[in-house]
Amino acid sequence: MVDPRIAVIADRMKGIKRIIAVSSGKGGVGKSLVASTLALILTREGHKVGLFDLDFTSPSTHVILGIEGVQPEEDKGIIPPEVNGLKYMSITYYSGDLAAPLRGNDVSNVLVELFSITRWEELDYLVLDMPPGIGDVTLDLIRLIRNTRFLIVTTSSQLAFETVRKLASLLGELKIQIIGVIENMKMEKSDVIRKQTEKLGLKFLEEIPYDPKLEEAIGSPDRLLRTTFGKKIEEVSSAM
Amino acid sequence: MHEWALAEAVINAASEIAEKEGLKQITKVIVRTGELQQLEPEMLEFAFSQLKTAKFKNTVFAIETEKARFKCRMCGHTWIFNKKGLGKNESEAIHFVPEIAHTYIRCPKCGSPDFETQEGRGVVLQSIKGVK
């Protein structure tokens, strides 16, 4: 007995040049905002971009980007709709506004199913909004899509960075490339996270100050890009 | 049709096995589909007929369906999936992603969404036969 879906995933991904998993050890550090904004910026820079929300139990990128009223097209699989210039995929096409209470094996099955039936075709970048931690999605991604590169988001908190250490250590052990670390929601001047990041041998990409205007920009890609947060993400896009 | 994508997966998986086992021709492929995913066997058959490569020239594709059985983790109740009672959109969502059952289906005994799909989820490559 074989799960045949695994055998087609490489075919589905072969037209994608770069895959970026926006990841973190802990939740609430701004991964989804980083992933959504980065995807928008790469799109505005003229690249062909896809954004895939892999946080199946708590998806939020559709809210950040104000996406509603669209569905994938069914054609020899599913074709993600193009919204704000990027191809967008999310479990919310199927669960709507309702909860998707999934255990680990279910999460794994959703990931395999969607990667095996989604036709991204040619992309310069596929940005993946990851759930926090080193759970099923991270492990499946490492197992199935080896050329994924990780962009790690943390806050200035030692609690958040402690989990970055664990994530970085695992990725390093498995020889998965880490693009670098973004310190988000920075409230005070300090270079502690920068130094600790460099001590781990990782690239410190950017520090983003806490932006009180960000919440008001949620749902509007144009406003999002005009925020301080948006400008800071623009500065790191060349590192992708 | 979304069945096409899963048929491609079956062809790829069977080809990989044939390669590993040194099979020159594949004579039979048995595919099991779970009722939860509600795949159309005719669509799978059509996709197989269009996708098959030289190795599958004389292959018989047998498609078996398996009832979907759930077991509630809260009360232990087991039941068989029946799409009656589901709306068209709900049923279609489960067709694309069977785990969405946890969004729209509840244990008929205690109302919990926390159940296990014990069998009959989706597509499985049951076996292949061939000649070396």
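For the reader, a short list of remarks on this structure follows.
- Averaged over residues, the count of other Cβ atoms within 10 Å places the peptides B:124-130, A:71-77 in the sequence B:124-130, A:71-77, highest first.
- Chain A - charge dipole about Cα centre, Lys and Arg +1 at Cβ, Asp and Glu -1, debye rounded to 20: 860
- Stokes-Einstein D (µm²/s) once Rh is taken as the Kirkwood radius of region A:1-70 over alpha-carbon pairs, at 37 °C in 0.692 mPa s: 231
- The peptide list A:222-229, A:194-201, put in order of mean Cβ contacts within 10 Å with the highest first, becomes A:222-229, A:194-201.
- Members of A:K175/B:K52; A:K31/B:K83; A:K14/B:K24; A:K48/A:K203; A:K87/A:K195 lying beyond 31 Å, as alpha-carbon distances in this model show: A:K175/B:K52; A:K31/B:K83; A:K87/A:K195
- For region B:1-105, the fraction of C-alpha pairs more than 22 angstrom apart is 42%.
- Along its principal axes, region A:116-158 has C-alpha extents of 40, 22, 16 angstrom, given from the largest down.
- Computed over chain B, the per-residue total of -39500 (n - 2.57) for DSSP H runs of n ≥ 4 gives a 222 nm mean residue ellipticity of -10000 deg cm²/dmol, rounded to 500.
- Using the Stokes-Einstein relation with a Kirkwood hydrodynamic radius computed over Cα pairs, the translational diffusion coefficient of the protein assembly as shown at 37 °C and a viscosity of 0.692 mPa s comes to 150 µm²/s.
- Whole-Hz Karplus values for region A:126-135 come out as 10, 9, 10, 8, 8, x, x, x, 10, x Hz, taken residue by residue from phi with 6.51 cos²θ - 1.76 cosθ + 1.60 and θ = phi - 60°; glycine and proline positions read x.
- Each Lys and Arg contributes +1 and each Asp and Glu -1, all at the Cβ; summed about the Cα centre of region A:1-50, the dipole is approximately 100 debye.
- Mean ellipticity per residue at 222 nm, deg cm²/dmol - from DSSP H runs of n ≥ 4 across chain A, formula -39500 (n - 2.57): -11000 deg cm²/dmol
- Kirkwood-type radius of region B:1-50, with distances r between different C-alpha atoms, in Å: 11.7
- Between B:K84 and B:N58, the C-beta separation translates, for a Förster distance of 51 Å, into a calculated FRET efficiency of about 0.80.
- Protein heavy-atom accessible surface, 1.4 Å probe, per residue over region B:1-92: 53 Å².
- Helix runs (DSSP H) in chain A reaching 15 Å along axis by Cα, Kyte-Doolittle at least -1.0: A:31-44, A:104-117, A:158-173
- In this Cβ point-charge picture (+1 for Lys and Arg, -1 for Asp and Glu), region B:1-130 has a dipole of about 320 debye about its Cα centre.
The values are calculated or read from the model by the stated rules, or taken from the named source; none is laboratory data. Please read these numbers as outputs of a predicted model, since none were measured by experiment. For neighbour counting, all protein chains shown are included, and Cβ atoms are generated from backbone atoms with ideal geometry for every residue, glycine included. Heavy atoms of the whole protein, side chains included, go into the accessibility calculation; ligands, DNA and RNA do not. Shrake-Rupley method; radii C 1.70, N 1.55, O 1.52, S 1.80 Å.
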